[in-house]
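What follows is a set of notes on a single structure, which appears directly below.
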Amino acid sequence: MSGSIVWLASYPKSGNTWLRAMLTHLVHSPGADFSINALAGGIEGGDRHTLDDACAISSAEMRPAELLPYRALLHRQMAAATPGPLFVKTHDQYARASDGTALFPADASRAAICLVRNPLDVALSFAHHSQQDIETTIARMADPDAMLNVWPDRISDFLPVHLGRWGDHVESWTGQDAIPLCLLRYEDMLADPLAALARVAAAAGLDAAPAALAAAVAASSFERLQAREAAEGFAEKPANMPGFFRSGRAGEWRAALTDAQVARIVADHRDAMAALDYLPASTA
């Protein structure tokens, strides 16, 4: 099995944190206690200071495209330092530099878990997360130049993330063939979290017993995650956001989006939605 990194790749608000919680419970001893702020699949690959130290650069003075080869080097260093599986969360599109260098090197990678969610629900959750109105969020999801961690007046501690359009983001991962892919729909994870976690564990090369999988799922329910967040806070929650773990349900868009908003999201992402069986019956 090549590489050690298992990429947990998703557009924001697609269930990545929930999956990380289940994986954290799975790789710990049964009943072990740990902080909700120490979930598997952390930010090491996206931390600006880690990159600057590893590659002896000043990333704040460089454009995102210029950083890609250095980030690839950091990913190789991370893989070499850990036998794996090393879970690493990313919201970046799968990308290559102009010279062909892959941001996510195949020789450092064991698998990519591409977690997707209906963009009609993503729009609601992302608007809540970003504290922006739904119209602004829908436009952001259709912007090919959309980024995370980029502001005009300050430098983020985290590296710039190219989100781009929701449909392009999904297709960048599902269309690559350099890294073995496990495509997982959030809705399927909700319907049968045990089966979903078993698929991820198999892709990562984890020999997980059924009892361990079941215990990890039970320990990572939304109710338990909300209770942990209330008890100790959650460092990944934006400061102005009431709570990170909002509801976790599927299909809320039906009561929350207008017909015009649904039509716009479908028009923006029809091909990717069709491929994932996300088109509403009225627009199929």
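The values are calculated or read from the model by the stated rules, or taken from the named source; none is laboratory data. Everything numeric here is computed off the predicted structure, so don't read it as measured data. For neighbour counting, all protein chains shown are included, and Cβ atoms are generated from backbone atoms with ideal geometry for every residue, glycine included. The area values use the complete protein model at the heavy-atom level, side chains included, leaving out ligands, DNA and RNA. Shrake-Rupley method; radii C 1.70, N 1.55, O 1.52, S 1.80 Å.
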Take region 87-110 and flag every residue that is within 17 Å of HIS169 (Cα to Cα) and part of a loop (DSSP other than H, G, I, E, B). HIS91, ASP92, GLN93, TYR94, ALA95, ALA97, LEU103, PHE104
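Given the criteria outside any helix (DSSP H, G or I) and in contact with a helix residue (DSSP H, G or I) (Cβ under 9 Å, 6 or more places away or on another chain), does LEU183 qualify?
Working: outside any helix (DSSP H, G or I): yes; in contact with a helix residue (DSSP H, G or I) (Cβ under 9 Å, 6 or more places away or on another chain): yes.
Criteria met by LEU183.
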Can you name the residue in region 184-211 that is open to solvent by 10 Å² or more (accessible area, probe 1.4 Å), touching a residue at least 40 places away in the same chain (Cβ under 8 Å) and within 18 Å of LEU86 (Cα to Cα) and, of all such residues, is farthest from the chain's Cα centre (by Cα)? ALA208
Quick one: in region 73-86, which of the residues that are assigned to a loop (DSSP other than H, G, I, E, B) and of a type outside the set (Val, Ile, Thr) is most open to solvent (accessible area, probe 1.4 Å)? PRO83
When residues of region 10-67 are filtered for being of a type in the set (D, E, K, R), in a helix (DSSP H, G or I) and surrounded by 15 or more Cβ atoms within 10 Å (Cβ to Cβ), how many remain? 4
Any idea which of (1) open to solvent by 20 Å² or more (accessible area, probe 1.4 Å); (2) touching a residue at least 24 places away in the same chain (Cβ under 8 Å); (3) not in a loop (DSSP other than H, G, I, E, B) is the one TYR70 doesn't satisfy? (2)
Report yes if ILE113 is assigned to a strand (DSSP E or B) and within 18 Å of GLY3 (Cβ to Cβ), otherwise no. yes
Quick test of your reading of the structure: ALA95 fulfils all but one of (1) open to solvent by less than 40 Å² (accessible area, probe 1.4 Å); (2) touching a Leu at 6+ places or on another chain (Cβ under 7 Å); (3) farther than 18 Å from GLY164 by Cα. Name the failing condition by number. (3)
How do the pairs read when you match residues in region 127-151 that are under 17 Å from ALA263 (Cβ atoms) with residues anywhere that are open to solvent by 80 Å² or more (accessible area, probe 1.4 Å), using Cβ under 6 Å and keeping only pairs 6 or more apart or on different chains? ILE138/ARG264
Restricted to region 120-148 and to residues being open to solvent by 30 Å² or more (accessible area, probe 1.4 Å) and not in a helix (DSSP H, G or I), the residue farthest from PRO69 (Cα to Cα) is ASP133
Please verify whether region 174-183 includes one or more residues that are crowded, with 19+ Cβ neighbours inside 10 Å, in contact with an Asp or Glu (Cβ under 7 Å, 6 or more places away or on another chain) and modelled with pLDDT of 95 or more. no
Tabulated pairs, region 258-283, first within 22 Å of LEU115 (Cα to Cα), second modelled with pLDDT under 95 and open to solvent by less than 70 Å² (accessible area, probe 1.4 Å), C-beta under 6 angstrom, 6+ apart or interchain: VAL266/THR283
In region 212-224, the residues that are without any contact (Cβ under 8 Å) to a residue 60 or more places away in the chain and over 20 Å from the mean Cα position of the chain (by Cα): ALA214, ALA218, GLU223, ARG224
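Taking region 260-277, which residues are assigned to a helix (DSSP H, G or I) and open to solvent by 70 Å² or more (accessible area, probe 1.4 Å)?
Restricting attention to region 260-277, the residues satisfying the condition of being assigned to a helix (DSSP H, G or I) are 260-275.
Listed by number, the residues that qualify are ALA260, ARG264, ALA267, ARG270, ASP271, ALA275.
Please find, among ARG110, ARG117, the residue that is over 14 Å from the mean Cα position of the chain (by Cα), within 29 Å of MET189 (Cα to Cα) and crowded, with 20+ Cβ neighbours inside 10 Å.
Exactly one residue qualifies, and that residue is ARG110.
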